[in-house]
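What follows is one structure encoded as structure tokens, with my remarks underneath.
The values are calculated or read from the model by the stated rules, or taken from the named source; none is laboratory data. As the structure is a prediction and not an experimental result, all values here were calculated from the model. Positions of Cβ are generated from backbone atoms using ideal geometry, with glycine treated the same way; all protein chains shown enter the neighbour counts. Side chains included, ligands, DNA and RNA excluded: accessible areas come from the protein's heavy atoms. Shrake-Rupley method; radii C 1.70, N 1.55, O 1.52, S 1.80 Å.
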Amino acid sequence: MEEVPHDCPGADSAQAGRGASCQGCPNQRLCASGAGATPDPAIGEIKEKMKTVKHKILVLSGKGGVGKSTFSAHLAHGLAEDENTQIALLDIDICGPSIPKIMGLEGEQVHQSGSGWSPVYVEDNLGVMSVGFLLSSPDDAVIWRGPKKNGMIKQFLRDVDWGEVDYLIVDTPPGTSDEHLSVVQYLAAAHIDGAVIITTPQEVSLQDVRKEINFCRKVKLPIIGVVENMSGFICPKCKKESQIFPPTTGGAELMCQDLEVPLLGRVPLDPLIGKNCDKGQSFFIDAPDSPATLAYRSIIQRIQEFCNLHQSKEENLISS
């Protein structure tokens with residue numbers, strides 16, 4: 001296909017060849033005929049690339065501001081504590097990439113090698129890739145329509161040279177939009193272990209998580225479980241727990257019971273988490289005995305158990 005307009009709806013869209021932006025495009029007739037909606041060859045290329053990645057985990061949230069990127073970063077930090085485990089953290093929140101800041105990598109640049117883009121490494125066994133590394137300033141706005149975002153995600157999955165990786169953690173934007181559909185589509189043939197969904201206890205967050213769970217079921221994406229973040233505040237002096245975001249409708253626990261989804265755990269509020277994220281440091285190092293750290297470690301263990309079980313099932317299917 002020839003060069004497409006900036007606001008192209010995409011060849012597989014219902015508006016392909018019919019939208020206002022299609023007028024005058026050299027591909028208009030091809031898209032309108034449906035011939036342009038052929039399987040993307042990148043899916044096969046990504047499947048081949050992902051053969052060196054054992055486990056693939058998507059981190060989702062219905063709403064913004066619930067701590068999804070913070071969770072993704074600390075999941076990566078927690079898994080990388082085992083020096084024999086190789087971790088890759090991919091940030092596909094194209095318009096709000098906060099992973100470079102949280103991981104202490106602001107200002108870093110992506111380098112090209114003969115085998116593709118090289119990730120930016122926090123530790124020898126923890127590599128990171130984000131659109132934030134491609135911006136001239138952290139304050140630059142990314143104002144892209146769906147097809148351009150999809151192209152960037154495709155490039156990340158196909159062209160980044162991760163090497164041999166035990167866990168690929170994909171930090172997604174909030175909601176159920178183009179980015180989520182793209183990453184599920186591109187990774188479908190490579191087998192995603194599942195999704196971890198982040199919420200806070202109040203109903204205004206839970207109502208969007210229900211939509212997220214529905215999305216996962218529609219696209220046949222396994223759900224590893226739900227994490228209730230900012231789940232109460234434990235005073236460091238008196239150890240008394242206060243509900244900053246009251247679970248007025250029963251919180252994540254009742255929602256998970258109703259929808260038959262695992263609740264992986266609850267992470268209480270801790271001001272040190274925010275401070276460490278702003279400094280680009282792992283919270284686990286500064287507060288190893290914090291209730292939040294202990295909650296994270298329990299959740300990470302459950303995620304590892306799920307992935308190991310998922311791998312065993314796949315190996316049994318292949319052998320049979």
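Tabulated values for the structure
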| item | result |
| --- | --- |
| Listed pairs K63/K149; K220/K240; K54/K148; K68/K240 exceeding 30 Å between Cα atoms | K220/K240 |
| Ellipticity estimate at 222 nm from DSSP helix runs (n ≥ 4, -39,500 (n - 2.57)) divided over the chain, nearest 500 | -11500 deg cm²/dmol |
| For the chain: relative contact order, % (alpha-carbon pairs under 8 angstrom, 6 or more apart) | 20 |
| Loop-located GluC sites (Glu not before Pro) in region 164-225 whose Cβ has at most 14 other Cβ within 10 Å (DSSP) | E164 |
| For the chain, share of DSSP beta bridges that run antiparallel, in % to the nearest 5 | 20 |
| Loop-resident sites, region 127-229, for trypsin sites (Lys or Arg not before Pro), counting at most 16 other Cβ within 10 Å (DSSP) | R145, K220 |
| Sites matching trypsin sites (Lys or Arg not before Pro) across region 246-279 that sit in DSSP coil, with at most 14 neighbouring C-beta atoms within 10 Å | none |
| Nearest-10 value in Å² for the accessible area of H191, using the 1.4 Å probe | 100 |
| Residue-normalised accessible area of region 131-221, given per residue in Å² at a 1.4 Å probe | 40 |
| Of all accessible heavy-atom area on the chain, the percent that carbon and sulfur account for (1.4 Å) | 50 |
| Cβ-based charge dipole, the chain, positive-most Cα from I99, C238, V226 | V226 |
| Over 39 Å [Cα-Cα, the chain], rounded percent | 14 |
